[in-house]
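In what follows, a structure is listed as structure tokens, so that the remarks can point back to it.
The values are calculated or read from the model by the stated rules, or taken from the named source; none is laboratory data. Note that the coordinates shown come from a computational prediction; the quantities given were computed from them, not determined experimentally. Cβ atoms come from the backbone with ideal geometry, glycine included; neighbour counts cover every protein chain shown. Accessible surface areas use protein heavy atoms only, side chains included; no ligands, DNA or RNA. Shrake-Rupley method; radii C 1.70, N 1.55, O 1.52, S 1.80 Å.
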Amino acid sequence: MKKIGLIGLGKMGANHARVLKRTVGFEFVGACDLNPEAKKIADGVGVKFYPEIEKLLGEGLDCVDICVPTRFHSKAALLAIEAG
């Protein structure tokens, strides 16, 4: 089973969180967002909330789902790549 994390819990990220929770073959480890209010979304799908991307990436993930605004994709992707 692959461990996956979600980066971004805005409108699209909330949809991805709901789907990831039901997706077979993945252990949905947690989700992160800079907005502390997004914790409600993580709690709603029953996953751990991380206020910082680095803490989520430190959980030994196999992959990430990046759901941040397009202008922030490269930053999130580079952090994920650097984390392995």
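Is it the case, given these coordinates, that I53 is open to solvent by less than 50 Å² (accessible area, probe 1.4 Å), in contact with a Leu (Cβ under 7 Å, 6 or more places away or on another chain), farther than 15 Å from M1 by Cα and of a type in the set (V, I, T)? The answer is yes for I53.
Considering only segment 1-75, give the helices (runs of 4 or more DSSP H) lying wholly within it that have at least 1 residues that are free of Cβ contacts under 8 Å to residues at least 12 places away in the same chain. The helices (runs of 4 or more DSSP H) meeting that bar are 11-22, 39-45. Within segment 22-50, track down each residue that is over 11 Å from the mean Cα position of the chain (by Cα) and either polar (S, T, N, Q) or open to solvent by 100 Å² or more (accessible area, probe 1.4 Å) (or both). Of everything in segment 22-50, those that are over 11 Å from the mean Cα position of the chain (by Cα) and either polar (S, T, N, Q) or open to solvent by 100 Å² or more (accessible area, probe 1.4 Å) (or both) turn out to be R22, T23, V24, L34, N35, E37, K40.
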